[in-house]
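Written below as structure tokens is the structure these notes are about.
The values are calculated or read from the model by the stated rules, or taken from the named source; none is laboratory data. Given the structure is predicted, the values throughout are model-derived calculations rather than measurements. Here Cβ is always computed from backbone atoms with ideal geometry, including for glycine, and neighbour counts include all displayed protein chains. Remember, those area values only see protein heavy atoms, side chains included, never the ligands or the DNA or RNA. Shrake-Rupley method; radii C 1.70, N 1.55, O 1.52, S 1.80 Å.
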Amino acid sequence: MNALTTLVPDQTGAEIFAQVLTAGPISRTVIAQRLGLSPSTVTRLLSPLIEGGYLSETGQQSAAGLGRPQRLLRVNTEQHLVVGIQIARTHVAAVLTDLGARPLLRLEQALDSVEPAHVLSVAAELTGRLIAGAPSAKAKVLGIGVGVGGHVYAAGGVCRSAVRLGWTDVPIAAPLSAATGLPVVVNNDVNALVIAERWFGEGRDVDSFAVISVGRGVGGALMLHGVLHSGAGGLAVEFGHLPIEPNGPECACGNRGCVEALASSDAVLRTFRELGGRPEADYDAVAELARSGTEPERQAALDAFAVAGAALGRGLACLCNLLNPGLIVIAGEGVVAYDHFGPAMTRALERHAVSSAARDCVIKVDQASETLWARGAACLVIRESVRARLS
């Protein structure tokens, strides 16, 4: 068992590292002020990160031009490398990043089979190719982060269930680590994305927010007070499987009327075809028909997106009524059509949210690229490695 899977979590230390990563060069005083910590606590938690080569001191400045100059901290991005992998139904995307999760190289390979051994062999091959092409042979590779859509038992590195892959209780960390000789961290892909959004995206400097991904599947992840909330068994924020219409269409999970069954890109295509749209049209084509198609297909496309948006909005209302978040980020490949489903989504959210829950929440849209998804997986490794250093 490697250090990345035997952690004593130190969320405060991880947050300190995140502050240096996203706002550095930064002084100890500013970190303490931002996180509400004492300077002595910040200094104590920084010491092992400096000793381990994760952070270094650089330059100095005076606070507001007054007082004793303070040493600034920065991330030693060049000393460590990380591999981030996203496993999708049709392909595997992989990036090599530095310690700042900045992508250095990216590879992608289509899948002709989703049999677990084949998928993991592709992941291992891409990892080897990325490391072979690394710009610095001296940098240490900390490990591999893997994001996969579905229920992931992160502590054991096992995918409990991935409906779209047809996986049940598939070990990922152990075989991939054996194939590559590197530590492996596995989590749900939207959990990986919410960390990337927290560090680099729309959730930067926001302590508590949710990410909802829209595409062939619909997923969710939650950051609470700077901490990824996974739930008792890793199933927190299974947003796509909120049952909002008991007699609705069957979902891939086996239930009926889930948000995913009504608001995914596949659901849009199903509704479009039921309304008389051409059966061969894909999601992008339906989005284009909604913009500039001719009648009656344009109306069928608009109606299909409106149905999906309304379902998504009802799901968001459930989320707002339960958690009262100040920010929800809508991400994923499906947001290319946000201008079509967004208005219906907003109306449904406002209609079903109680009191001020909808007004309290800002909705932001981020068309997360494949690089950001895989970069989020790399963030899993960086976060766990920092926490392991502080344990």
Could we say that PRO135 is in contact (Cβ under 8 Å) with a residue 12 or more places away in the chain and surrounded by 16 or more Cβ atoms within 10 Å (Cβ to Cβ) here? no
Sort out which residues of the range 161-182 are over 14 Å from VAL119 (Cα atoms) and modelled with pLDDT under 95, and write them in order of number. SER161, VAL163
Does VAL82 meet the test of being closer than 21 Å to ALA388 by Cβ and outside any strand (DSSP E or B)? no
Which one of these is touching a Phe, Trp or Tyr at 6+ places or on another chain (Cβ under 7 Å) and open to solvent by less than 20 Å² (accessible area, probe 1.4 Å): GLY147, GLY157? GLY147
Matching residues in the range 207-244 - criterion: being within 20 Å of ALA101 (Cα to Cα) and part of a loop (DSSP other than H, G, I, E, B): ASP207, GLY226
Considering only the range 336-347, I want to know if a residue exists there that is of a type in the set (S, T, N, Q) and either open to solvent by 60 Å² or more (accessible area, probe 1.4 Å) or not in a helix (DSSP H, G or I) (or both). no
Would a scan of the range 289-299 turn up a residue that is in a helix (DSSP H, G or I), among the basic types (Lys, Arg), at negative phi and open to solvent by 60 Å² or more (accessible area, probe 1.4 Å)? yes
In contact with a strand residue (DSSP E or B) (Cβ under 6 Å, 6 or more places away or on another chain) and not hydroxyl-bearing (Ser, Thr, Tyr): is that true of ALA374 in this structure? yes
So for the range 111-124 (the condition being surrounded by fewer than 18 Cβ atoms within 10 Å (Cβ to Cβ), in contact with a His (Cβ under 7 Å, 6 or more places away or on another chain) and in a strand (DSSP E or B)), does at least one residue qualify? no
Just to check your reading of the model, which residue among VAL206, VAL186, VAL227, VAL190 is open to solvent by less than 30 Å² (accessible area, probe 1.4 Å) and either farther than 23 Å from CYS320 by Cβ or over 10 Å from the mean Cα position of the chain (by Cα) (or both)? VAL186
